[in-house]
Amino acid sequence: MKNVLFFVVLFSTCFLVSAKISKAERKALIAFYESTNGPEWVHTWNLEEPESQWYGVKVIDNHVVEINLFRNNLKGVIPASIGDLEHLKVFNVAFNTLTGELPASIAGLKDLEILKIEMNRFKGALPASFGSLSNLKELTAFNNFFSGSIPASLGQLTKLKVLNLSSNNFKGAIPEALGNLSNLVSLGLFENTLEGAIPREFGQLVQLKELILANNQLDGEIPREFSQLASLEILQIQNNKFNSLKNLENMNTRQFLVFDYDKGDLKLNFKEIDFKKTRVAETKFDDDNDHE
């Protein structure tokens, strides 16, 4: 009986090892490898080995569900065939030197939950079609060269918890639709050329803990609805062109760990906060060790 059990386990193990992803998914992985300077990666792939053994690749039920190549010396562009990895849940290519525009095919990855592309050299517009990534929980794209306006379609990503588009070349108004992101915990739009008023709809982001809007061209007044942001711990709005900061007085400033604003308006009457305790929140490199 023990011998029978041994052979059953051995057969099952061999089957799992020999299991393969589809030809389409393998082709997409190889195209990505070739397009991003695969042989020169810090941790490269041995294409003779099973895909499940390739560095940063996770395979479940014969499908690629994760590519994590954080800080791995990737260079080149992401090929359109990345969209053939239709079961992908995590795509992390942060802290590399990837260039070019993002392929619109990424928007077809309906299972995608985490998209981390920060600290690269991507350019062009952020595809409006990204609004169809209905399962996305985290989108970090800071420190690139993205331009154009922030797509209003991102307001459809109602499962999103983290959105960081800081340190790019985005311009125009902040879309009111971002106020629909009711699960958002962190929003970073630092250091772009955004203009216009902060949307009043941001008062609906009641889960928000971090809001970084510093170093833009925003104007108007701080929305009265900010007083509804009871979970907010970090607020940075300095280096903008606001006409009035008066509504900041309506906020419970005792909740803040960081509270940075342009302090030129001497008429403000804050209570029970020691501004000496405030500090600059460095959010641009928060993801340094995430998903490694």
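The values are calculated or read from the model by the stated rules, or taken from the named source; none is laboratory data. Owing to the predicted nature of the structure, the values given are computational and were not obtained by experimental measurement. All Cβ positions, even for glycine, are placed from backbone atoms using ideal geometry, and neighbour counts span all protein chains on display. Calculation scope for accessible area: heavy atoms of the full protein, side chains included, ligands and nucleic acids excluded. Shrake-Rupley method; radii C 1.70, N 1.55, O 1.52, S 1.80 Å.
Extending 7 Å from Cα along the Cβ direction at VAL42 and again at GLN255 yields two label points whose distance is 3.8 nm. Pairs exceeding 19 Å between alpha-carbon atoms, taken from LYS171/LYS246; LYS20/LYS137; LYS116/LYS159; LYS116/LYS171; LYS58/LYS89: LYS171/LYS246; LYS20/LYS137; LYS116/LYS171.
Given their separation in residues at 0.36 nm each and the Cα-Cα distance between them, ARG224 and SER132 gain 30.0 nm when the chain is fully extended. Could you compute the net charge surrounding LEU102? Neighbours are other residues with a C-beta less than 15 Å from the C-beta of LEU102; K and R count +1, D and E count -1. Here the count lands on +1. Atom-type composition of the exposed protein surface of region 41-150 places 49 percent of the accessible area on carbon and sulfur (1.4 angstrom probe).
The residues of region 12-150 expose, per residue, 44 Å² of accessible area to a 1.4 Å probe. Here region 228-267 has 45 percent of its accessible surface on carbon and sulfur atoms, given a 1.4 Å probe and all protein chains in place. Rounded to 0.05, the FRET efficiency of the ASN73 and LYS20 pair, given R0 = 30 Å and the Cβ-Cβ distance, is 0.65.
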